[in-house]
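Below you'll find the structure, written out as C-alpha coordinates, and then a few comments.
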Amino acid sequence: MAVDVPAKARRMPGLAIPHRMRWPLGYTAAAVLVFLAYYYVIPNLGPGGQTFFREWLPLTSVNEALVWVICALGLNIVVGYAGLLDLGFVAFWALGGYTAGWLMSGFFYQVDIHLFGGALGTAPGIHISFWLVLLIGAGFCAVWGVIIGAPTLRLKSDYLALVTLGFGEIIPQVFTNGDNVFGFNLTNGTKGITPVDPIAIGSFTLGPFDLVYKYVVFVLIVVVVVFISLRLREGRLGRAWLAIREDELAASMMGVPLMRTKLSAYAVGAVAGGLAGVAFATHVGGVLPDRFNFSISITLLAMVVLGGMGNVWGVMLGALVLAWVNSTGLPQFGTSFNEQFGTNINFPSYNYLLFGGILVLMMLFRREGILPESRTRLVLHEPSRTDMESLGADMEAPAPELDEEPLLKTTAADEPTVTDETGTGMGEKV
(Lines give C-alpha, C1' and ligand atoms only; values in the text may rest on other atoms or scores of the structure.)
Protein backbone atom coordinates (compact mmCIF):
# COMPACT_ATOMS: atom_id res chain seq x y z
CA MET A 1 0.00 0.00 0.00
CA ALA A 2 1.48 3.26 -1.13
CA VAL A 3 1.82 5.97 1.48
CA ASP A 4 1.75 9.64 0.40
CA VAL A 5 4.76 11.23 2.09
CA PRO A 6 4.81 15.07 2.19
CA ALA A 7 7.52 16.77 0.18
CA LYS A 8 9.10 18.37 3.28
CA ALA A 9 9.38 14.96 4.90
CA ARG A 10 11.12 13.48 1.87
CA ARG A 11 13.69 16.32 1.82
CA MET A 12 16.93 15.45 3.61
CA PRO A 13 17.68 18.19 6.15
CA GLY A 14 21.42 17.75 5.71
CA LEU A 15 21.23 18.71 2.02
CA ALA A 16 19.00 21.75 2.47
CA ILE A 17 20.76 24.82 1.06
CA PRO A 18 19.47 28.29 1.94
CA HIS A 19 18.18 30.15 -1.08
CA ARG A 20 20.58 33.05 -0.68
CA MET A 21 23.56 30.69 -0.70
CA ARG A 22 22.72 28.84 -3.89
CA TRP A 23 24.24 31.30 -6.33
CA PRO A 24 27.45 31.89 -4.30
CA LEU A 25 27.97 28.15 -3.94
CA GLY A 26 27.20 27.64 -7.62
CA TYR A 27 29.73 30.29 -8.62
CA THR A 28 32.36 28.76 -6.33
CA ALA A 29 31.74 25.28 -7.72
CA ALA A 30 31.92 26.53 -11.32
CA ALA A 31 35.16 28.43 -10.62
CA VAL A 32 36.75 25.35 -9.02
CA LEU A 33 35.65 23.12 -11.89
CA VAL A 34 37.13 25.49 -14.48
CA PHE A 35 40.42 25.60 -12.54
CA LEU A 36 40.60 21.81 -12.29
CA ALA A 37 39.72 21.46 -15.97
CA TYR A 38 42.50 23.77 -17.16
CA TYR A 39 45.04 22.59 -14.59
CA TYR A 40 44.56 18.82 -14.77
CA VAL A 41 42.10 17.65 -17.42
CA ILE A 42 42.71 19.67 -20.59
CA PRO A 43 46.56 19.35 -20.58
CA ASN A 44 46.10 15.56 -20.52
CA LEU A 45 43.57 15.44 -23.35
CA GLY A 46 44.46 14.25 -26.80
CA PRO A 47 45.39 16.64 -29.61
CA GLY A 48 41.76 16.91 -30.73
CA GLY A 49 40.46 17.86 -27.29
CA GLN A 50 43.22 20.41 -26.68
CA THR A 51 42.61 21.97 -30.11
CA PHE A 52 38.89 22.32 -29.37
CA PHE A 53 39.43 24.15 -26.07
CA ARG A 54 42.26 26.24 -27.54
CA GLU A 55 39.99 27.42 -30.35
CA TRP A 56 36.61 27.72 -28.65
CA LEU A 57 37.41 28.40 -24.99
CA PRO A 58 41.04 29.49 -24.49
CA LEU A 59 42.00 30.43 -20.97
CA THR A 60 43.05 33.88 -22.18
CA SER A 61 39.44 34.59 -23.13
CA VAL A 62 38.24 33.27 -19.78
CA ASN A 63 40.58 35.64 -17.93
CA GLU A 64 39.53 38.57 -20.10
CA ALA A 65 35.87 37.70 -19.51
CA LEU A 66 36.50 37.88 -15.76
CA VAL A 67 37.92 41.39 -16.19
CA TRP A 68 34.74 42.34 -18.04
CA VAL A 69 32.72 40.87 -15.17
CA ILE A 70 34.52 43.07 -12.63
CA CYS A 71 33.84 46.21 -14.65
CA ALA A 72 30.22 45.26 -15.44
CA LEU A 73 29.53 44.72 -11.73
CA GLY A 74 30.75 48.26 -11.09
CA LEU A 75 28.43 49.65 -13.75
CA ASN A 76 25.60 47.58 -12.28
CA ILE A 77 25.96 49.52 -9.02
CA VAL A 78 25.59 52.81 -10.89
CA VAL A 79 22.88 51.80 -13.38
CA GLY A 80 21.20 48.78 -11.82
CA TYR A 81 21.17 49.85 -8.17
CA ALA A 82 20.96 53.65 -8.30
CA GLY A 83 19.34 54.04 -11.73
CA LEU A 84 22.00 56.50 -12.99
CA LEU A 85 22.46 56.05 -16.72
CA ASP A 86 26.22 56.22 -17.29
CA LEU A 87 27.55 56.08 -20.86
CA GLY A 88 31.16 56.89 -19.96
CA PHE A 89 32.10 54.15 -17.53
CA VAL A 90 35.14 53.25 -19.64
CA ALA A 91 36.83 56.32 -18.11
CA PHE A 92 37.28 54.50 -14.78
CA TRP A 93 38.57 51.41 -16.54
CA ALA A 94 41.15 53.60 -18.28
CA LEU A 95 42.12 55.39 -15.06
CA GLY A 96 42.70 52.07 -13.32
CA GLY A 97 44.74 50.77 -16.24
CA TYR A 98 46.99 53.84 -16.36
CA THR A 99 47.43 53.66 -12.58
CA ALA A 100 48.96 50.23 -13.15
CA GLY A 101 51.02 51.61 -16.04
CA TRP A 102 52.46 54.42 -13.90
CA LEU A 103 53.13 52.36 -10.76
CA MET A 104 54.13 49.00 -12.26
CA SER A 105 56.57 49.83 -15.05
CA GLY A 106 59.75 51.65 -15.92
CA PHE A 107 57.83 54.53 -17.54
CA PHE A 108 58.99 57.05 -14.93
CA TYR A 109 62.63 56.08 -15.37
CA GLN A 110 63.77 59.24 -13.60
CA VAL A 111 62.97 57.65 -10.23
CA ASP A 112 63.80 54.29 -8.73
CA ILE A 113 61.09 53.01 -6.40
CA HIS A 114 60.62 49.33 -5.57
CA LEU A 115 57.93 48.09 -3.18
CA PHE A 116 57.31 44.34 -3.35
CA GLY A 117 57.02 44.61 -7.15
CA GLY A 118 57.55 41.85 -9.68
CA ALA A 119 60.43 43.56 -11.51
CA LEU A 120 64.15 43.15 -10.96
CA GLY A 121 65.64 45.28 -8.21
CA THR A 122 67.94 47.02 -10.68
CA ALA A 123 65.14 48.09 -13.04
CA PRO A 124 64.48 51.86 -13.12
CA GLY A 125 61.02 53.29 -12.63
CA ILE A 126 58.24 52.66 -10.15
CA HIS A 127 57.60 49.01 -9.34
CA ILE A 128 54.94 48.51 -6.66
CA SER A 129 53.24 45.26 -5.79
CA PHE A 130 50.16 44.36 -7.84
CA TRP A 131 48.06 44.02 -4.68
CA LEU A 132 48.97 47.50 -3.48
CA VAL A 133 48.31 48.93 -6.92
CA LEU A 134 44.85 47.35 -6.82
CA LEU A 135 44.07 49.37 -3.69
CA ILE A 136 45.68 52.53 -5.07
CA GLY A 137 43.83 52.20 -8.37
CA ALA A 138 40.51 51.63 -6.59
CA GLY A 139 41.02 54.69 -4.37
CA PHE A 140 42.23 56.83 -7.29
CA CYS A 141 39.14 55.97 -9.33
CA ALA A 142 36.85 56.58 -6.35
CA VAL A 143 38.27 60.10 -6.01
CA TRP A 144 37.74 60.72 -9.72
CA GLY A 145 34.25 59.31 -9.40
CA VAL A 146 33.44 62.00 -6.87
CA ILE A 147 35.16 64.68 -8.97
CA ILE A 148 33.27 63.70 -12.12
CA GLY A 149 30.01 62.96 -10.34
CA ALA A 150 29.77 66.17 -8.32
CA PRO A 151 28.90 68.45 -11.26
CA THR A 152 27.06 65.85 -13.34
CA LEU A 153 24.80 63.95 -10.94
CA ARG A 154 22.56 66.97 -10.46
CA LEU A 155 21.19 66.07 -13.88
CA LYS A 156 18.80 63.23 -14.63
CA SER A 157 17.97 60.73 -17.37
CA ASP A 158 18.99 61.85 -20.87
CA TYR A 159 21.00 64.85 -19.69
CA LEU A 160 23.03 62.72 -17.29
CA ALA A 161 23.67 60.18 -20.07
CA LEU A 162 24.96 62.90 -22.39
CA VAL A 163 27.25 64.44 -19.78
CA THR A 164 28.74 61.09 -18.76
CA LEU A 165 29.18 60.32 -22.44
CA GLY A 166 31.23 63.49 -22.70
CA PHE A 167 33.47 62.53 -19.79
CA GLY A 168 33.85 59.07 -21.25
CA GLU A 169 35.18 60.66 -24.43
CA ILE A 170 37.35 63.31 -22.75
CA ILE A 171 39.41 61.05 -20.49
CA PRO A 172 40.59 58.62 -23.24
CA GLN A 173 41.50 61.66 -25.35
CA VAL A 174 43.58 62.97 -22.46
CA PHE A 175 45.49 59.69 -22.38
CA THR A 176 45.89 59.71 -26.16
CA ASN A 177 47.32 63.24 -26.21
CA GLY A 178 49.05 63.13 -22.83
CA ASP A 179 52.59 62.77 -24.15
CA ASN A 180 53.17 66.51 -23.87
CA VAL A 181 51.37 68.07 -20.93
CA PHE A 182 53.23 71.37 -20.45
CA GLY A 183 56.36 69.61 -21.63
CA PHE A 184 55.87 66.55 -19.43
CA ASN A 185 55.18 63.08 -20.84
CA LEU A 186 52.29 61.78 -18.73
CA THR A 187 50.87 58.91 -20.78
CA ASN A 188 53.30 58.29 -23.67
CA GLY A 189 50.54 59.17 -26.15
CA THR A 190 49.34 56.57 -28.63
CA LYS A 191 52.27 54.28 -27.80
CA GLY A 192 50.88 53.62 -24.35
CA ILE A 193 52.86 52.20 -21.46
CA THR A 194 54.40 48.77 -21.88
CA PRO A 195 55.44 46.46 -20.38
CA VAL A 196 53.63 46.34 -17.06
CA ASP A 197 55.21 44.30 -14.28
CA PRO A 198 53.89 40.77 -13.74
CA ILE A 199 51.88 39.80 -10.69
CA ALA A 200 54.09 38.83 -7.77
CA ILE A 201 52.87 36.48 -5.03
CA GLY A 202 55.62 36.45 -2.43
CA SER A 203 58.78 35.35 -4.19
CA PHE A 204 56.78 33.76 -7.03
CA THR A 205 56.17 35.87 -10.14
CA LEU A 206 53.44 35.03 -12.65
CA GLY A 207 54.87 34.95 -16.14
CA PRO A 208 52.92 35.63 -19.33
CA PHE A 209 52.00 31.95 -19.68
CA ASP A 210 50.87 31.37 -16.09
CA LEU A 211 47.29 31.80 -17.18
CA VAL A 212 45.85 29.33 -14.67
CA TYR A 213 47.25 31.28 -11.71
CA LYS A 214 46.10 34.56 -13.22
CA TYR A 215 42.68 32.98 -13.49
CA VAL A 216 42.73 32.34 -9.74
CA VAL A 217 43.72 35.95 -9.06
CA PHE A 218 40.93 37.34 -11.23
CA VAL A 219 38.38 34.97 -9.68
CA LEU A 220 39.34 36.28 -6.23
CA ILE A 221 38.89 39.89 -7.39
CA VAL A 222 35.45 38.98 -8.75
CA VAL A 223 34.58 37.41 -5.40
CA VAL A 224 35.53 40.61 -3.58
CA VAL A 225 33.45 42.78 -5.92
CA VAL A 226 30.46 40.41 -5.67
CA PHE A 227 30.70 40.41 -1.87
CA ILE A 228 30.83 44.22 -1.75
CA SER A 229 27.90 44.50 -4.17
CA LEU A 230 25.69 42.10 -2.23
CA ARG A 231 26.50 43.53 1.19
CA LEU A 232 25.95 47.09 0.06
CA ARG A 233 22.66 46.23 -1.58
CA GLU A 234 21.30 44.64 1.58
CA GLY A 235 22.39 47.55 3.75
CA ARG A 236 20.99 51.00 4.34
CA LEU A 237 22.97 52.55 1.51
CA GLY A 238 21.71 49.95 -0.95
CA ARG A 239 18.10 50.58 0.04
CA ALA A 240 18.67 54.29 -0.48
CA TRP A 241 20.03 53.57 -3.98
CA LEU A 242 16.96 51.50 -4.80
CA ALA A 243 14.68 54.22 -3.48
CA ILE A 244 16.34 56.77 -5.76
CA ARG A 245 16.06 54.39 -8.67
CA GLU A 246 12.35 53.84 -8.14
CA ASP A 247 11.29 57.43 -7.42
CA GLU A 248 13.82 60.16 -6.80
CA LEU A 249 11.27 62.69 -5.59
CA ALA A 250 9.68 60.26 -3.14
CA ALA A 251 13.11 59.26 -1.84
CA SER A 252 13.98 62.89 -1.26
CA MET A 253 10.71 63.45 0.60
CA MET A 254 11.51 60.46 2.82
CA GLY A 255 14.82 62.01 3.87
CA VAL A 256 17.27 60.33 1.51
CA PRO A 257 20.14 62.76 0.73
CA LEU A 258 20.08 62.60 -3.06
CA MET A 259 23.45 64.08 -3.94
CA ARG A 260 25.42 62.20 -1.30
CA THR A 261 23.72 58.92 -2.14
CA LYS A 262 24.29 59.33 -5.86
CA LEU A 263 27.93 60.23 -5.33
CA SER A 264 28.43 57.14 -3.19
CA ALA A 265 27.02 54.96 -5.97
CA TYR A 266 29.27 56.62 -8.51
CA ALA A 267 32.35 56.25 -6.29
CA VAL A 268 31.70 52.59 -5.44
CA GLY A 269 31.10 51.79 -9.10
CA ALA A 270 34.33 53.60 -9.97
CA VAL A 271 36.20 51.41 -7.46
CA ALA A 272 35.19 48.31 -9.43
CA GLY A 273 36.20 50.06 -12.66
CA GLY A 274 39.63 50.78 -11.18
CA LEU A 275 40.10 47.17 -10.09
CA ALA A 276 39.17 46.02 -13.58
CA GLY A 277 41.64 48.49 -15.12
CA VAL A 278 44.56 47.25 -13.01
CA ALA A 279 43.64 43.62 -13.72
CA PHE A 280 43.33 44.34 -17.44
CA ALA A 281 46.75 46.03 -17.56
CA THR A 282 48.40 42.97 -16.03
CA HIS A 283 46.36 40.68 -18.29
CA VAL A 284 47.58 42.25 -21.55
CA GLY A 285 50.95 43.41 -20.15
CA GLY A 286 50.43 47.12 -20.80
CA VAL A 287 47.98 49.95 -21.41
CA LEU A 288 47.11 51.46 -24.77
CA PRO A 289 44.67 54.38 -25.17
CA ASP A 290 42.83 52.85 -28.12
CA ARG A 291 41.64 50.02 -25.87
CA PHE A 292 39.46 52.45 -23.91
CA ASN A 293 37.11 53.84 -26.52
CA PHE A 294 33.39 54.60 -26.39
CA SER A 295 32.37 51.16 -27.61
CA ILE A 296 33.61 49.70 -24.31
CA SER A 297 30.99 51.68 -22.41
CA ILE A 298 28.23 50.47 -24.73
CA THR A 299 29.39 46.87 -24.43
CA LEU A 300 29.39 47.14 -20.64
CA LEU A 301 25.89 48.58 -20.68
CA ALA A 302 24.75 45.76 -22.97
CA MET A 303 26.16 43.23 -20.49
CA VAL A 304 24.19 44.79 -17.63
CA VAL A 305 20.96 44.98 -19.63
CA LEU A 306 21.29 41.48 -21.05
CA GLY A 307 21.99 39.88 -17.69
CA GLY A 308 19.42 41.82 -15.71
CA MET A 309 19.93 45.26 -14.20
CA GLY A 310 20.32 45.15 -10.44
CA ASN A 311 20.96 41.42 -10.23
CA VAL A 312 24.61 40.60 -9.52
CA TRP A 313 24.43 37.05 -10.83
CA GLY A 314 22.53 38.08 -13.93
CA VAL A 315 25.11 40.76 -14.75
CA MET A 316 27.89 38.21 -14.31
CA LEU A 317 26.15 35.86 -16.74
CA GLY A 318 25.57 38.64 -19.27
CA ALA A 319 29.20 39.75 -19.03
CA LEU A 320 30.57 36.24 -19.47
CA VAL A 321 28.35 35.53 -22.47
CA LEU A 322 29.00 38.78 -24.34
CA ALA A 323 32.73 38.76 -23.52
CA TRP A 324 33.05 35.25 -24.92
CA VAL A 325 31.04 36.10 -28.03
CA ASN A 326 33.10 39.24 -28.62
CA SER A 327 36.53 37.69 -28.11
CA THR A 328 36.21 34.07 -29.25
CA GLY A 329 32.70 32.92 -30.11
CA LEU A 330 31.94 35.13 -33.09
CA PRO A 331 35.41 34.94 -34.75
CA GLN A 332 35.56 31.18 -34.31
CA PHE A 333 32.00 30.73 -35.57
CA GLY A 334 32.86 32.86 -38.59
CA THR A 335 35.93 30.76 -39.35
CA SER A 336 33.93 27.54 -39.14
CA PHE A 337 31.12 29.00 -41.26
CA ASN A 338 33.50 30.22 -43.98
CA GLU A 339 35.31 26.89 -44.10
CA GLN A 340 32.03 24.99 -44.33
CA PHE A 341 30.36 27.09 -47.03
CA GLY A 342 33.38 28.52 -48.82
CA THR A 343 32.45 32.13 -48.05
CA ASN A 344 34.63 35.02 -46.93
CA ILE A 345 32.46 36.87 -44.44
CA ASN A 346 34.17 38.93 -41.75
CA PHE A 347 31.92 37.94 -38.85
CA PRO A 348 33.77 39.91 -36.10
CA SER A 349 33.02 43.14 -37.97
CA TYR A 350 29.32 42.53 -37.29
CA ASN A 351 29.70 42.22 -33.53
CA TYR A 352 28.01 45.53 -32.74
CA LEU A 353 25.20 44.71 -35.15
CA LEU A 354 24.73 41.52 -33.17
CA PHE A 355 24.84 43.34 -29.83
CA GLY A 356 22.37 45.94 -31.07
CA GLY A 357 20.01 43.25 -32.30
CA ILE A 358 20.22 41.47 -28.95
CA LEU A 359 19.37 44.69 -27.11
CA VAL A 360 16.40 45.37 -29.38
CA LEU A 361 15.06 41.85 -28.90
CA MET A 362 15.58 42.06 -25.17
CA MET A 363 13.68 45.34 -24.97
CA LEU A 364 10.83 43.86 -26.99
CA PHE A 365 10.45 40.48 -25.35
CA ARG A 366 12.39 40.42 -22.04
CA ARG A 367 13.15 43.88 -20.75
CA GLU A 368 14.12 42.61 -17.30
CA GLY A 369 17.09 40.60 -18.65
CA ILE A 370 18.02 36.92 -18.52
CA LEU A 371 18.16 36.76 -14.71
CA PRO A 372 16.07 39.69 -13.54
CA GLU A 373 16.04 41.21 -10.11
CA SER A 374 12.84 40.22 -8.30
CA ARG A 375 11.74 43.84 -7.81
CA THR A 376 12.31 44.68 -11.48
CA ARG A 377 10.44 41.55 -12.58
CA LEU A 378 7.43 42.48 -10.47
CA VAL A 379 7.35 46.03 -11.79
CA LEU A 380 7.66 45.01 -15.43
CA HIS A 381 5.06 42.25 -15.13
CA GLU A 382 2.33 44.20 -13.43
CA PRO A 383 -1.14 43.39 -14.85
CA SER A 384 -2.04 45.62 -17.74
CA ARG A 385 -4.82 48.10 -17.32
CA THR A 386 -8.22 46.88 -18.40
CA ASP A 387 -10.48 48.74 -20.73
CA MET A 388 -12.64 49.95 -17.86
CA GLU A 389 -9.55 51.28 -16.02
CA SER A 390 -8.56 53.18 -19.12
CA LEU A 391 -12.05 54.57 -19.41
CA GLY A 392 -11.97 55.62 -15.77
CA ALA A 393 -8.60 57.29 -16.20
CA ASP A 394 -9.85 59.21 -19.19
CA MET A 395 -12.89 60.33 -17.26
CA GLU A 396 -10.83 61.47 -14.29
CA ALA A 397 -8.07 63.29 -16.09
CA PRO A 398 -9.89 66.33 -17.49
CA ALA A 399 -12.68 67.81 -15.41
CA PRO A 400 -15.68 67.74 -17.77
CA GLU A 401 -17.57 70.94 -18.34
CA LEU A 402 -21.27 71.03 -17.50
CA ASP A 403 -22.29 71.51 -21.08
CA GLU A 404 -20.26 68.38 -22.07
CA GLU A 405 -22.11 66.07 -19.66
CA PRO A 406 -24.69 64.75 -22.17
CA LEU A 407 -21.90 63.92 -24.60
CA LEU A 408 -19.97 62.09 -21.87
CA LYS A 409 -22.98 60.01 -20.93
CA THR A 410 -23.58 59.17 -24.56
CA THR A 411 -19.99 58.04 -24.96
CA ALA A 412 -20.09 55.87 -21.83
CA ALA A 413 -23.34 54.29 -22.94
CA ASP A 414 -21.77 53.26 -26.22
CA GLU A 415 -19.02 51.36 -24.46
CA PRO A 416 -19.41 47.56 -24.01
CA THR A 417 -21.00 46.57 -20.71
CA VAL A 418 -18.67 44.92 -18.20
CA THR A 419 -20.14 42.71 -15.51
CA ASP A 420 -19.56 44.00 -12.00
CA GLU A 421 -18.65 40.88 -10.06
CA THR A 422 -17.52 42.59 -6.88
CA GLY A 423 -20.23 45.10 -6.33
CA THR A 424 -17.76 47.93 -6.08
CA GLY A 425 -19.25 49.81 -8.97
CA MET A 426 -16.02 49.57 -10.94
CA GLY A 427 -17.30 46.84 -13.23
CA GLU A 428 -14.24 44.60 -12.73
CA LYS A 429 -12.35 42.51 -10.24
CA VAL A 430 -10.21 44.48 -7.77
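The values are calculated or read from the model by the stated rules, or taken from the named source; none is laboratory data. Model, not experiment: these values are computed from the prediction. For neighbour counting, all protein chains shown are included, and Cβ atoms are generated from backbone atoms with ideal geometry for every residue, glycine included. Calculation scope for accessible area: heavy atoms of the full protein, side chains included, ligands and nucleic acids excluded. Shrake-Rupley method; radii C 1.70, N 1.55, O 1.52, S 1.80 Å.
Probe radius 1.4 Å, ligands and nucleic acids ignored: give me the carbon and sulfur share of the accessible area of the range 81-232 as a rounded percent.
C and S atoms contribute 71 percent here.
Please list 191-198, 151-158 highest first by mean number of surrounding beta-carbon atoms within 10 Å per residue.
Ranked from most to least packed, the peptides come out as 191-198, 151-158.
Roughly how far apart, in whole Å, are the Cα centres of the range 24-87 and the range 157-200?
Centre-to-centre (Cα) distance: 27 Å.
At most 13 other Cβ atoms within 10 Å and a DSSP loop assignment: could you name the chymotrypsin sites (Phe, Trp or Tyr not before Pro) in the range 175-234 that fit?
Sparse-neighbourhood loop chymotrypsin sites (Phe, Trp or Tyr not before Pro): F182, F209.
Take each of the peptides 240-251, 24-35, average the number of other beta-carbon atoms within 10 Å over its residues, and list them starting from the highest.
Taking the mean over residues of other Cβ atoms within 10 Å, the ranking is 240-251, 24-35.
Where does each of 141-150, 71-80 land if you order them by average Cβ count within 10 Å, highest first?
For the peptides 141-150, 71-80, the packing ranking is 71-80, 141-150.
Computing the accessible area with a 1.4 Å probe over protein heavy atoms, can you report the carbon and sulfur percentage for the range 292-355?
Heavy-atom surface of the range 292-355 belonging to carbon and sulfur, 1.4 Å probe: 66 percent.
When only alpha-carbon atoms count, how far does the range 131-223 stretch along each of its three principal axes, as whole angstroms with the largest first?
Computed over the Cα atoms, the extents are 48, 38, 19 Å.
Quick one: check the C-alpha center-to-center distance for the range 226-278 versus the range 291-346, whole angstrom.
Between the Cα centres of the range 226-278 and the range 291-346 lies a distance of 28 Å.
Could you state the accessible area per residue of the range 134-248 in Å², with a 1.4 Å probe and every protein chain left in place?
55 Å²
With a 1.4 Å probe and every protein chain left in place, tell me how much accessible area F53 has, in Å² to the nearest 10.
Rounded to the nearest 10, the figure is 60 Å².
Might you work out the accessible area of S327 for me, using a 1.4 Å probe with all protein chains in place, and round it to the nearest 10 Å²?
Solvent-accessible area, nearest 10 Å²: 40 Å².
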